[in-house]
Structure formats: C-alpha cells, structure tokens
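The block underneath contains the structure these notes are about, expressed in structure tokens.
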Amino acid sequence: MLKLSNVTVAYKDKVVLENLNLTADKGEIIGVVAPNGTGKTTLFNVMANFIKPNSGSVTLNGKYAYRNEKEELLIHKQLTTFPEQSDLFDELSGIDHLNLYANMWKGSSRHVPEIIERLRMGHYVNKKVRTYSLGMRQRLCFAMMAAADTPVMLMDEVMNGLDISNVALISECLIEMKKNEKLIFVASHLLGNLDLYADRVVFLKNGKIVHEQHFTKENEAYLKIEMDAQRYEKLKNESALPADHLFIADYLLCIPLKGMGVPEQTNWIERMLDFNRKKLTVGPLGTVEYYEKYYFDKE
C-alpha cells in the first residue's frame, strides 16, 4: 500500500500540492489527470522522493516513509518511474536497456525475452537506440518498466508518441500488470483511454483532488445531450430541468437518471429526442466529461 498523508509542496508563494491525501493498494491502476503545470509530475516526484514535501509524508506498506537512506533504498527497490526518452543511451541497443533495468531491480534478465515478444520489439530491439523512432523509444521505455517488474510503477505520459495499435497494446499490458497485483499510477493526455483500464481516476486542481472517478463501482447514469449554450438557455426557459443537472463546457447537457422511475426517464428521453435527435446518449460520465467539467467550466 502506498499512502500520502497531508502532503504539501510549495515554491515561494505558489502552492503546487496542498494537504493532499491519497491511499492506493496493489492490483490497482490509478489515472492522474490535470492540465500541464498543475501538479501531476510533482505528485509523482513526491512519491518517488525526487522532491521532498514541505509537510506531510509518503509511506509504503505502512513501514517505510523516506525517513533515512536505508528506507529510501528499500522503497526504490519496490518502485520505478517511467524513463524520459532523453535518458536513453543512443549508442546502446534496446536489449542493453532492458537488461540494465532487469538486473538493477530483479537481479536477473531471464524474463526479458518474454517482454520483447509481448511488446513486439524483436525486429528492432538489437539496434542502437539512435535509430529508433519516437514510438519505438516510447515502447522501449515501457518495456524497461516491465523489465524492472517492481510492485509500484509511476508512469507519466506512457502513451506519448504511440499510434493507435501501440496504445491498444500498452493498454492490454497494463491490464495484465494489474492482474499480477502491480500498483500503477498513469498520467496521460489520452483521457478516454484511461476509462478502458483504470480502476479510478483522480483529478487535481489548485493542489487538491477535486474529484475521484471510480470505474469498479456502479456509476450514476446520465442522459447526455449535445447542444450549444444558446439552445441550453432556450431549453431552461421552456422546461423545468432537474436541479442537479450539469451543463459541461458549454456543449453538453447531462440529466441524472438516478431516482427517476422508468416512466419519468422515458419522458425525459422522448423530450430530449424531440429537442435534439442527433446527439443523445445514456451512460455514466467518463474521464473526458469530468475533465471538461472541472477545467473548462467557469467557477
């Protein structure tokens, strides 16, 4: 279990993280979402002890809390961070990088051939990294994490530079890692992709977690209708919308169906079909919609 307790990070007069609390356990993938420059990378750096918080603590399995060098070493044996492409060695091959990570964390590279096959890297893994494309480098960085095979993994922008097929491949591998009881944090700009494999997504704003979306629980269903602000205002004047409805980012009306009987739900669907037949769906709000709600909507 990884636990952050009342973590605050501030630079002069700017607070990046403020009294942040978060608990995560093995066998879980947690998405971390926020606009650039609002705390995602800082949060990962605090977990990895690259940045020491002004206050608060990070503990692993309730025992280790970065209180001394021995504890820090023990934590870093159980935790890896996603490599930067700039950290790769151009004159070394992909297999050299994989063996390096495998031997540093696992003490053995016997599992590396399996990783190469799973990630379909056999046709280039023996070539020098300077010959790799952006996508090949990114796949190598992910493979290095797999080679380290630590219980806790921090993956910042793991899908960067990948095409659709490789995004799907990495997503499958993340699900397999979760089944092997890894604890994985993923920060990604591919918001819809997070819905496919994350157990929950946390949204950071002003240094705090403003929302936590769970995908392992039954989520509330909404009637979702696309419309512009002018049509929304017209609808409000003509109909008594539920008090807890949402109008997200000036384009999406969301009417909660929870608590309504079937006749009332049917009535709302029919009314909205009459109002806008082309763009109407029913389902829970996803990561994209919550992102727009918390970062695009006016306060």
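Return the residue satisfying two criteria in turn: it lies in region 146-163 and is open to solvent by less than 10 Å² (accessible area, probe 1.4 Å) and more than 16 Å from the chain's Cα centre (by Cα), and of such residues it is farthest from ALA24 (Cα to Cα). Filtering region 146-163 for residues that are open to solvent by less than 10 Å² (accessible area, probe 1.4 Å) and more than 16 Å from the chain's Cα centre (by Cα), the one farthest from ALA24 (Cα to Cα) comes out as ALA147.
Residue-by-condition table, conditions (1) within 30 Å of ASN36 (Cα to Cα); (2) in contact with a Cys (Cβ under 8 Å, 6 or more places away or on another chain):
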| site | (1), (2) |
| --- | --- |
| ARG118 | no, yes |
| GLN138 | yes, no |
| PHE142 | yes, yes |
| ALA147 | yes, no |
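Flag: TYR124 does not match the condition of being assigned to a helix (DSSP H, G or I) and either open to solvent by 70 Å² or more (accessible area, probe 1.4 Å) or over 30 Å from VAL16 (Cα atoms) (or both). The single condition from (1) part of a helix (DSSP H, G or I); (2) under 22 Å from ALA146 (Cβ atoms); (3) at pLDDT below 90 that GLY161 fails is (1). Can you find a residue that is in contact with an Asp or Glu (Cβ under 8 Å, 6 or more places away or on another chain) and charged (D, E, K, R) anywhere in region 161-173? Checked region 161-173: no residue is in contact with an Asp or Glu (Cβ under 8 Å, 6 or more places away or on another chain) and charged (D, E, K, R). Restricting attention to region 64-91, the residues being farther than 22 Å from LYS106 by Cβ, among the polar types (S, T, N, Q) and in a loop (DSSP other than H, G, I, E, B) number 1. Looking only at residues of region 240-268 that are farther than 22 Å from LYS293 by Cβ and of a type in the set (A, V, I, L, M), we find that the one that is most open to solvent (accessible area, probe 1.4 Å) is VAL262. The residues of region 202-232 that are surrounded by 15 or more Cβ atoms within 10 Å (Cβ to Cβ), more than 17 Å from LEU17 (Cα to Cα) and under 15 Å from the mean Cα position of the chain (by Cα), listed by number, are GLN213, PHE215. Checking each residue in region 52-72 for being crowded, with 17+ Cβ neighbours inside 10 Å and touching a residue at least 40 places away in the same chain (Cβ under 8 Å) picks out PRO53, GLY56, VAL58, THR59, LEU60.
Filtering region 208-248 to residues that are closer than 29 Å to GLU28 by Cβ and out of contact with any strand residue (DSSP E or B) (no Cβ under 8 Å at 6 or more places or on another chain) leaves LYS217, GLU218. Only residues that are touching a His at 6+ places or on another chain (Cβ under 9 Å) and within 11 Å of ALA146 (Cα to Cα) were counted across region 75-104, and they come to 1.
In this structure, does THR42 turn out to be open to solvent by less than 60 Å² (accessible area, probe 1.4 Å), modelled with pLDDT of 90 or more and out of contact with any Ser or Thr (no Cβ under 9 Å at 6 or more places or on another chain)?
Yes: the conditions hold for THR42.
The set of residues from region 18-58 being in contact with a Pro (Cβ under 7 Å, 6 or more places away or on another chain) and either under 18 Å from PHE215 (Cβ atoms) or in a strand (DSSP E or B) (or both) comprises just one member, LYS26.
Taken over region 164-196, the residue count meeting the criterion of being touching a Ser or Thr at 6+ places or on another chain (Cβ under 6 Å) and surrounded by 20 or more Cβ atoms within 10 Å (Cβ to Cβ) is 1. The residue list ILE75, ILE95, ILE30 contains one member that is in contact with a strand residue (DSSP E or B) (Cβ under 7 Å, 6 or more places away or on another chain), modelled with pLDDT of 90 or more and open to solvent by less than 70 Å² (accessible area, probe 1.4 Å), which is ILE30.
The sole residue among TYR251, TYR294 that is under 19 Å from GLU220 (Cβ atoms), under 25 Å from the mean Cα position of the chain (by Cα) and aromatic (Phe, Trp, Tyr) is TYR294.
The values are calculated or read from the model by the stated rules, or taken from the named source; none is laboratory data. Worth saying up front: this structure is predicted, and the values here are computed from it rather than measured. For neighbour counting, all protein chains shown are included, and Cβ atoms are generated from backbone atoms with ideal geometry for every residue, glycine included. Remember, those area values only see protein heavy atoms, side chains included, never the ligands or the DNA or RNA. Shrake-Rupley method; radii C 1.70, N 1.55, O 1.52, S 1.80 Å.
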